Ligand code: PMP
Ligand code: GLN
């Protein structure tokens, strides 16, 4: 086969989850909760199915869900997106991101990614025929380096992908950083794909700096989020994209042919459930408590704990524990210590190894305690 993606194998998440299952390790690798979602949400979806809401919804998504998203975004970030022309329901953030890229990136266009980055971005750009331009986040702190981003922009730059709260580093962009990005892009036509799937997981009282808050960014952004993350239902694969009318129109041209629409009862169930903002308003405190429990335990191990400002990830420096390359270390940790993790090198095109691995703390307290007990043997 003349492959279109020669560099791509099986994703690290699949590899590490399979190894965790095979070895009986505690799986803190792939990011997903090991606890149940709110039973009210399950009931809400079940009710929609029982009411016969089981045929195709509109291509753009169930109107009530688009309205609920519009209301939430306005309440959180102060910007009104039109439910009819600026919001589209997608099959998770993954499909939103590839669809946005296919909609705007033409062969030969350059697209900037900030490494380490989520593993679907680069293959998505390649499938669109775009040229990937990799700009590193500052090693060690994972903050954006605006001089390097500025230097990477050329007349052929079509878009930049940004992600805050960030997977895998758990950093959160500040208002000043978003303003810098806005200022940098102002004289250009560069579009932004802003991956905000962890928007409701920002800690220590910080607000999430959505691109929606910044008019100069909102006007050029596809803003992507995921109900899977917010409501503890990663397997439902439903998300959404916000974008100005003209960008949404382009997005929908592709969306109608790569998925057409997204499953109906889940959309109705989510729409009814979203009438109560408490579940997402309580999410920062819910995950901050888990983060703190996990960090306190990690501090008693030989791993060096890095900051976790948002998302449900916690990175650690392994240099005082092992000389193995990150990926080998993660496999060793899974087999010998019984805890699965994800190497940060998997989020870099060249496999850059800075002695850092990622744990997911979206787990029951007992799961986290069990993992910590094993990690204390390091
Ligand atoms: N972007 C980032 C940064 C993610 O961490 C994830 C989930 N792992 C996604 C996108 C994909 O989200 P979804 O499951 O809704 O497709
Ligand atoms: N986003 C999840 C993570 O980073 C994994 C999703 C996937 O398996 N593709 O762990």
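Run down 31, 130, 52 and say which single residue is away from ligand 1 (no atom under 15 Å from the Cβ) and either at pLDDT below 95 or crowded, with 16+ Cβ neighbours inside 10 Å (or both).
130
Is it the case, given these coordinates, that residue 59 is assigned to a loop (DSSP other than H, G, I, E, B) and either surrounded by fewer than 21 Cβ atoms within 10 Å (Cβ to Cβ) or in contact (Cβ under 8 Å) with a residue 24 or more places away in the chain (or both)?
yes
In the same structural domain as residue 356 (by TED's automatic domain parsing), touching a residue at least 24 places away in the same chain (Cβ under 8 Å) and surrounded by 18 or more Cβ atoms within 10 Å (Cβ to Cβ): does that describe residue 69?
Criteria not met by residue 69.
Considering 371, 346, which residue is within 19 Å of residue 21 (Cα to Cα) and modelled with pLDDT of 95 or more?
Result of the check over 371, 346: 371.
Condition test on residue 244, is it away from ligand 1 (no atom under 16 Å from the Cβ), buried (at least 19 other Cβ atoms within 10 Å of the Cβ) and on the phi < 0 side of the Ramachandran plot?
Considered against the rule, which asks whether it is away from ligand 1 (no atom under 16 Å from the Cβ), buried (at least 19 other Cβ atoms within 10 Å of the Cβ) and on the phi < 0 side of the Ramachandran plot, residue 244 comes out as no.
Would you say residue 85 is surrounded by 13 or more Cβ atoms within 10 Å (Cβ to Cβ), touching a helix residue (DSSP H, G or I) at 6+ places or on another chain (Cβ under 6 Å) and not in a loop (DSSP other than H, G, I, E, B)?
In short, no.
For region 244-264, does any single residue satisfy the condition of being more than 30 Å from residue 70 (Cβ to Cβ) and either touching a strand residue (DSSP E or B) at 6+ places or on another chain (Cβ under 8 Å) or not assigned by TED's automatic domain parsing to the domain that holds residue 368 (or both)?
No, there is no match, as no residue in region 244-264 is more than 30 Å from residue 70 (Cβ to Cβ) and either touching a strand residue (DSSP E or B) at 6+ places or on another chain (Cβ under 8 Å) or not assigned by TED's automatic domain parsing to the domain that holds residue 368 (or both).
Within region 191-209, is even one residue part of a helix (DSSP H, G or I), within 15 Å of ligand 1 (Cβ to nearest atom) and in contact with a helix residue (DSSP H, G or I) (Cβ under 8 Å, 6 or more places away or on another chain)?
Looking through region 191-209, none of the residues is part of a helix (DSSP H, G or I), within 15 Å of ligand 1 (Cβ to nearest atom) and in contact with a helix residue (DSSP H, G or I) (Cβ under 8 Å, 6 or more places away or on another chain).
Kindly provide the set of residues from region 216-235 that are over 15 Å from the mean Cα position of the chain (by Cα) and either closer than 20 Å to residue 64 by Cα or within 16 Å of ligand 1 (Cβ to nearest atom) (or both), ordered by number.
221
Identify, please: which residue in region 339-378 is part of a loop (DSSP other than H, G, I, E, B) and within 16 Å of ligand 2 (Cβ to nearest atom) and is, among those, surrounded by the fewest Cβ atoms within 10 Å (Cβ to Cβ)?
It comes out as 348.
Please indicate, with yes or no, whether at least one residue in region 9-23 is in a loop (DSSP other than H, G, I, E, B), surrounded by fewer than 12 Cβ atoms within 10 Å (Cβ to Cβ) and either on the phi < 0 side of the Ramachandran plot or within 12 Å of ligand 2 (Cβ to nearest atom) (or both).
Scanning region 9-23 turns up at least one residue that is in a loop (DSSP other than H, G, I, E, B), surrounded by fewer than 12 Cβ atoms within 10 Å (Cβ to Cβ) and either on the phi < 0 side of the Ramachandran plot or within 12 Å of ligand 2 (Cβ to nearest atom) (or both).
Filtering region 142-165 down to residues that are free of Cβ contacts under 8 Å to residues at least 40 places away in the same chain and either in a loop (DSSP other than H, G, I, E, B) or in contact with a strand residue (DSSP E or B) (Cβ under 9 Å, 6 or more places away or on another chain) (or both), which residue is surrounded by the fewest Cβ atoms within 10 Å (Cβ to Cβ)?
Checking each candidate, the answer is 155.
If you check 139, 168, which single one turns out to be in a loop (DSSP other than H, G, I, E, B), more than 16 Å from residue 181 (Cα to Cα), assigned by TED's automatic domain parsing to the domain that holds residue 184 and within 19 Å of the chain's Cα centre (by Cα)?
168
Can you name the helices (runs of 4 or more DSSP H) wholly within region 226-314 that have at least 2 residues being closer than 19 Å to residue 102 by Cβ?
So the answer is 245-258.
The values are calculated or read from the model by the stated rules, or taken from the named source; none is laboratory data. None of these values were measured; they are calculated from a predicted model. Ideal geometry is used to build each Cβ from the backbone, glycine not excepted, and the neighbour counts take in all protein chains shown.
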